[in-house]
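Scroll down for the structure; my scribbles are underneath it.
The values are calculated or read from the model by the stated rules, or taken from the named source; none is laboratory data. All of these numbers come straight from a predicted model, not from anything done at the bench. All Cβ positions, glycine included, derive from the backbone under ideal geometry; neighbour counts span all protein chains shown.
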Amino acid sequence: MKLSAIASALDARLENGSPETEITGLNGIDEAGPRELTFVANPKYAPATRRTRAAAVIVAKDFPAISVATLRVEDPYLSFAEALTLFHKPLRYAPGVHGTAVVHASAKIGRGAHIGPYVVIDEQVEIGANAVLLAHTVIYRGAKIGDEFFAHSHVVVRENCRIGNNVLLQNGVVIGSDGFGFAKTSQGSWHKIPQPAPVVIEDDVEIQANTCIDRASVGETRIGRGTKIDNLVQVGHGSRVGEDALLCSQVGLAGSTEIGNRVILTGQVGVVGHCKVGEAAIVTPQSGVANDIPAGSLVSGAPAVDHKLWLKYSALLPRLPEMARALRAKMKRP
């Protein structure tokens, strides 16, 4: 693809380079070759542009001038992602139902659907147009799914769950597994609490591999529009996740957690049940949320506190033994 075509597709301003330069792909700034495109989003990596072998570099509009051909854009990271789609088109799956698939006669499947090997679609299921269900996907009875649904192999959507349009489920995702609810009997054993309430997944959600979204005993578990959920995440029964949130790998939400719009929970964050994390809050890695978090907060630690306060805690930790010795010595003085 010519550099001029890429510039046009990205709405970028081309500097220093020939519009006729042929680009064959994209790569990191240290790995890119003379026919590849790369990017720099962080100014601290500016020195790397002096040694790169790339044919051109995507940079911000205010990035310092460099000798390499540049594509100036508003957001280099986003533009690099958009450029990747120019070279790596998603796989297409022909409409049709594989001979080994089992589709109940009462199920309603929209036009253009691809139903792969050993897929099972139970009774009273509804799936919209252009769905792709790859091998061994199972859709339980009564599930309702919108248009442009994509389920990678071994996805399970349980009974009566509802999924919106343009939802992508990666391998092994389970939507609507039973919530972890048990009542202790007088004999000390555990009595299972039924979990009949559905999971609702709104439009434009992506859920990545081996993540589980539990159904609830009452109400519903809901994932808001545009939210992206990483691998190995657990969303407990009755939880509600707002719109455009990010839940990174190994996040765990206990039951009835409320996560606001545009919240970011980074890796291995745990949230205690019934806690609320306010809109646009960020929780840093391995933090434990045991109380409500105000909107717009940046918190860290276990239990999570304001990030700046946590930095002070962290700075003091290595000095605690020394401080303890000094305090004991002072207490011994007459």
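Counting only residues that are part of a loop (DSSP other than H, G, I, E, B) and under 16 Å from residue 60 (Cβ atoms), which one in the stretch 25-48 is farthest from the chain's Cα centre (by Cα)? Per the criteria, the residue is 29. Is there a residue in the stretch 9-24 that is in a helix (DSSP H, G or I), surrounded by 13 or more Cβ atoms within 10 Å (Cβ to Cβ) and within 32 Å of the chain's Cα centre (by Cα)? Among the residues of the stretch 9-24, at least one is in a helix (DSSP H, G or I), surrounded by 13 or more Cβ atoms within 10 Å (Cβ to Cβ) and within 32 Å of the chain's Cα centre (by Cα), which makes the answer yes. Scan the stretch 95-103 and tell me whether some residue there is closer than 26 Å to residue 20 by Cβ and among the small types (Gly, Ala, Ser). No, that holds for no residue.
Check whether at least one residue in the stretch 130-140 is in the same structural domain as residue 234 (by TED's automatic domain parsing), of a type in the set (Gly, Ala, Ser) and out of contact with any Phe, Trp or Tyr (no Cβ under 7 Å at 6 or more places or on another chain), and report yes or no. No - not one qualifying residue is present in the stretch 130-140. The set of residues in the stretch 114-148 that are assigned to a loop (DSSP other than H, G, I, E, B) and basic (Lys, Arg) contains only 141.
Within the stretch 277-293, residues that are in the same structural domain as residue 263 (by TED's automatic domain parsing) have Cβ atoms under 8 Å from residues that are hydroxyl-bearing (Ser, Thr, Tyr) and in a strand (DSSP E or B) in these pairs: 283/300; 284/300; 287/300, counting only partners at least 6 apart in sequence or on another chain. Can you say whether residue 261 is under 23 Å from residue 138 (Cα atoms) and either in a loop (DSSP other than H, G, I, E, B) or charged (D, E, K, R) (or both), as far as the supplied structure shows? It is false that residue 261 is under 23 Å from residue 138 (Cα atoms) and either in a loop (DSSP other than H, G, I, E, B) or charged (D, E, K, R) (or both). Inside the stretch 67-98, can you point out the residues that are over 30 Å from residue 137 (Cβ atoms), assigned to a loop (DSSP other than H, G, I, E, B) and of a type in the set (Gly, Ala, Ser)? Passing the criteria: only 67. Here residue 231 fits the description: under 23 Å from residue 270 (Cβ atoms), in the same structural domain as residue 256 (by TED's automatic domain parsing), out of contact with any strand residue (DSSP E or B) (no Cβ under 9 Å at 6 or more places or on another chain) and assigned to a loop (DSSP other than H, G, I, E, B). Would you tally the residues in the stretch 265-295 being part of a strand (DSSP E or B) and either crowded, with 18+ Cβ neighbours inside 10 Å or in contact with a helix residue (DSSP H, G or I) (Cβ under 7 Å, 6 or more places away or on another chain) (or both)? So the count comes out to 9.
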